[in-house]
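Contents: one structure, followed by commentary.
The values are calculated or read from the model by the stated rules, or taken from the named source; none is laboratory data. As the structure is a prediction and not an experimental result, all values here were calculated from the model. Glycine also receives a Cβ, built like all others from the backbone with ideal geometry; neighbour counts cover every protein chain displayed.
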Amino acid sequence: MRLSLVTACLNARATIGEALASVRGQTRPPLEHIVVDGASTDGTLEVLERHRAGLRLVSEPDAGLYHAMNKGLALAAGDYVGFLNADDLYSEAGVLERVAKALAGGADAVYGDLVYVRREDTRRVVRYWRSRPYAGGLIERGWMPPHPAFFVRTAILRKLGGFDTRYRFQADFELMVRLFLKERIVSVHVPHVLVRMRLGGHSNRSAGNILRGNLEARRACRENGVTVSPFFVLRKILSRLPQFFARPPHWAPPPDWPPP
């Protein structure tokens with residue numbers, strides 16, 4: 001089984017080094033780590049050059065985050081592919097080993113849990129996104145697995161055309177609609193924190209972006225022929241509130257992670 005990872009970045013000098021280190025420190029390294037840089041100007045490329053060993057690097061202008069991810073998907077040689085954001089990191093050294101074991105049963109996709117952490121302190125958990133095994137009706141209520149903790153067959157993703165770049169904030173949710181409701185993928189949930197995600201990312205940077213993203217999610221359902229409740233947006237927003245009060249029961253940030 002071969003895993004490919006794709007990281008899209010633009011002016012991510014402050015965080016990209018930790019993301020790369022969390023991949024490099026895995027007990028089961030990926031087949032390849034593809035980094036698609038959007039022609040950064042803040043010193044990101046200098047950081048990438050210091051970590052160049054084992055990377056497949058592309059640096060050129062692109063049309064945004066999801067376009068960059070599609071470029072990485074086109075290059076992926078693995079049987080399965082995952083996407084790690086430039087300001088996120090794997091939670092510990094055994095993440096990809098857990099993923100590989102879960103995929104050994106022949107599933108189309110595997111996903112785990114995720115914690116949101118402070119940008120300046122990735123050991124400080126702010127939200128706990130506890131996922132669950134997929135069941136019918138979840139997508140229609142706005143559910144999706146945490147995208148940075150999601151791995152899927154590369155061939156299926158290419159068959160579907162990757163991310164729909166018409167969506168600025170919720171192309172990942174729109175892709176999940178097609179994967180679960182149209183492609184009917186077989187998935188496995190790993191009940192373990194796989195990713196630490198910094199607050200202030202692309203879709204949750206502001207209240208305005210959160211609202212726009214949820215409106216895009218409703219549009220994604222409708223454009224794919226999925227009927228949703230008139231309260232879809234409100235329900236999707238409110239479903240996040242428990243994440244602020246929950247904490248992962250069996251996981252704590254390793255004190256020496258990521259490696260230098």
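A single entry from ALA21, ALA53 fulfils the requirement of being more than 27 Å from LYS159 (Cβ to Cβ), surrounded by fewer than 17 Cβ atoms within 10 Å (Cβ to Cβ) and touching a strand residue (DSSP E or B) at 6+ places or on another chain (Cβ under 8 Å): ALA21.
Restricting attention to segment 202-260, and to residues there that are assigned to a helix (DSSP H, G or I) and of a type in the set (D, E, K, R), which single residue is surrounded by the most Cβ atoms within 10 Å (Cβ to Cβ)?
The initial filter retains those residues of segment 202-260 that are assigned to a helix (DSSP H, G or I), namely 207-223, 232-238, 241-244.
From what's left, of a type in the set (D, E, K, R): 212, 216, 218-219, 222-223, 235-236.
Details: ARG212: 15, GLU216: 19, ARG218: 19, ARG219: 15, ARG222: 12, GLU223: 13, ARG235: 15, LYS236: 21.
Filtering first and then ranking leaves LYS236.
The criterion of being surrounded by 15 or more Cβ atoms within 10 Å (Cβ to Cβ), under 18 Å from LEU89 (Cβ atoms) and either among the polar types (S, T, N, Q) or within 17 Å of the chain's Cα centre (by Cα) (or both) holds for THR15.
Of the residues that sit in segment 97-116 and are within 12 Å of VAL193 (Cα to Cα) and aliphatic (A, V, I, L, M), which one is surrounded by the most Cβ atoms within 10 Å (Cβ to Cβ)?
First, pick out the residues of segment 97-116 that are within 12 Å of VAL193 (Cα to Cα): 98-99, 111-116.
With the extra rule that they be aliphatic (A, V, I, L, M), the set shrinks to 99, 114-115.
On the way: VAL99: 28, LEU114: 26, VAL115: 25.
Ranking the qualifying residues of segment 97-116, first place goes to VAL99.
Taking the numbered list (1) modelled with pLDDT of 95 or more; (2) surrounded by fewer than 22 Cβ atoms within 10 Å (Cβ to Cβ) in turn, MET1 passes all entries but (1).
Considering segment 235-254, and only residues there that are of a type in the set (Lys, Arg) and touching a Phe, Trp or Tyr at 6+ places or on another chain (Cβ under 9 Å), the residue that is nearest to ARG141 (Cα to Cα) turns out to be LYS236. Residues that are aliphatic (A, V, I, L, M), out of contact with any strand residue (DSSP E or B) (no Cβ under 7 Å at 6 or more places or on another chain) and farther than 23 Å from CYS221 by Cβ occur in segment 97-104; there is at least one.
Among the listed residues GLY105, GLY54, identify the single one that is on the phi > 0 side of the Ramachandran plot, over 15 Å from the mean Cα position of the chain (by Cα) and at pLDDT below 95. Let's see the steps before the verdict.
Working: GLY105 fails: on the phi > 0 side of the Ramachandran plot.
Within the list GLY105, GLY54, the selection yields GLY54.
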